Amino acid sequence: MIIDLNHVSKSFEGNPVLEDISAHLDFKSCAILGPSGSGKSTLLRILGGLLPVDDGTVDLNGQRLDTSEKALIDHRRKIGFVFQSNGLFPHLSALQNITLPLIQVHGYSETEANSLAMTYLKRFNLEAQAQQSPVTLSGGQQQRIAIIRAVVHKPSMILLDEPTSALDPDLSVEVLEMLKELIQEGLHVILVTHHLGFAKNVCEHMMFIDDKKILEFGYSKELFAQPKSTEWKQFLAKMNEFE
């Protein structure tokens, strides 16, 4: 996946969140790290076509991201999204949460959608939970169902915004193990996370955002071993203080 950001800026109610960002990003999997409020989630939503930029342009694999509503709808269909809140429909079963977008958005027949969804549920040991409603599932199971829903239609990439932030450590591991397997299979992933070990050891690349700018981008292991910017050094020191 190649992403070119060209003088991208974004503000909310006059408050700048991203300022004049230009970067050439070439990666398979990328973790985005940075302090709270640094613009990580905003950048993720821009890449997914959920937020328009105020200034600048975004190119994905050499194609300019068209900001017309019709083009953005088409773009979103090609992307998988997973957010902090799993976003599952509470009145539907786990299986139905996966099949509904396949049928309504991607044009699968009900038989095809059910077969594909069950294949993924079996693969990730969630077959027994297929007919359960989200409220009866653990937080880890809910988030894993949300990830299946995001990847089952074979998106060009999947965007995840702190998918384990609301989970206990043991449930976080369930989700991270699932993501690790998908990344190792070649799924293009951009992940906003606070898990330094996952960013370093699983994601091929990492990005550090602070003060409305991308301050670091490169191979994860290299940037963890040899931080360049003062801000990244300080952030690492804070995050590692209680490890």
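Each peptide among 18-28, 58-68, 158-168 gets the average number of other Cβ atoms lying within 10 Å of its residues, and from highest to lowest they stand as 158-168, 18-28, 58-68. Only helices enter the 222 nm calculation for the chain: every DSSP H run of n ≥ 4 contributes -39,500 (n - 2.57), and dividing by all residues gives -11500 deg cm²/dmol, rounded to 500.
Seen from every direction in turn and averaged, the convex hull around the alpha carbons of region 87-155 projects onto 4.1 nm². Checking the cross-link pairs LYS200/LYS238; LYS122/LYS180; LYS200/LYS228; LYS70/LYS122 against a 26 Å limit on the alpha carbon distance flags LYS70/LYS122 as lying beyond it.
Available extension along the chain between LYS233 and ILE2 is 80.5 nm, counting 0.36 nm per residue and deducting the alpha carbon span.
Label positions at ASP26 and ASP54, each projected 7 Å from the Cα along the C-beta direction, are separated by 3.2 nm. Once the Cα atoms of helix 139-151 and of the chain are each reduced to a long axis, what angle between those two axes, in degrees from 0 to 90 to the nearest 10, is obtained? Here the helix axis deviates by roughly 90 degrees. Over the Cα atoms of region 148-243, each weighted equally, I'd like the Debye log10 I(q)/I(0) at q = 0.25 Å⁻¹, rounded to two decimals. Per q value, in the given order, log10 I(q)/I(0) is -1.46. Rounded to whole numbers, the Karplus 3J(HN,Hα) couplings from phi for region 106-114 are 9, x, 6, 6, 4, 5, 4, 5, 5 Hz, using 6.51 cos²θ - 1.76 cosθ + 1.60 with θ = phi - 60°, and x at Gly and Pro. The aspartates and glutamates whose alpha-carbon is closer than 16 Å to the alpha-carbon of LYS212, local same-chain residues fewer than 8 away aside, are GLU13, GLU19, ASP20, ASP54, ASP55, GLU231. Across the alpha-carbon atoms of the chain, the computed radius of gyration and Dmax are 18.2, 55 angstrom.
Within the shell defined by Cβ-Cβ distances under 13 Å, the residues around VAL58 carry a net charge of -2, with Lys and Arg each +1 and Asp and Glu each -1. For SER156 and LYS122, FRET efficiency with R0 = 30 Å and r from the beta-carbon atoms, rounded to 0.05? Here the calculated transfer efficiency is 0.75.
Where a number appears in this text, it was derived from the coordinates with a stated rule and is not lab data. Just so it is clear, the model here is predicted, and its values are computed rather than measured. Neighbour counts run over all protein chains shown; Cβ positions are idealised from the backbone, glycine included.
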